[in-house]
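Enquirer: The structure that follows is given in the form of structure tokens.
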Amino acid sequence: MAHSGALIVKLQRPVPVGAVLVDERGRPVGRVTSLLGPVASPYASVRVMTDRVKRVLGKYLYLKPGLAQG
């Protein structure tokens, strides 16, 4: 978690800025605000949309279903 309160998430592949990331139950966790690092090993800064942040630290997050992949 960054000092700004944003989550820094390691990605398996780049996702669109604005994409919503969800937890394993499909509950929204946050929205991608920017991509960081090299394309081969990307990270995302995620603006948190939940008060359950501590529950998702260290867990896998997923791209919200139905979002077109670019």
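Every read-out reported here was derived from the displayed coordinates using simple, explicitly stated rules and does not represent laboratory data. This structure is a prediction, so every number in the text was calculated from the model and none was measured. Glycine gets a Cβ as well: all are built from the backbone with ideal geometry, and neighbour counts include every protein chain shown.
Enquirer: Calculate, in whole percent, how much of the Cα-Cα pair population of the chain lies beyond 13 Å.
Expert: 61
Enquirer: In addition: To the nearest 20 debye, what charge dipole does the chain have about its Cα centre, counting +1 at the Cβ of each Lys and Arg and -1 at the Cβ of each Asp and Glu? Mind dumping the intermediate values first?
Expert: Numbers: 11 positive and 3 negative charges, 32 e Å.
So the dipole magnitude of the chain works out to roughly 160 debye.
Enquirer: While we're here: Tell me which aspartates and glutamates have Cα within less than 19 Å of Lys10's Cα, excluding those fewer than 8 residues away on the same chain?
Expert: Partners found: Asp23, Glu24.
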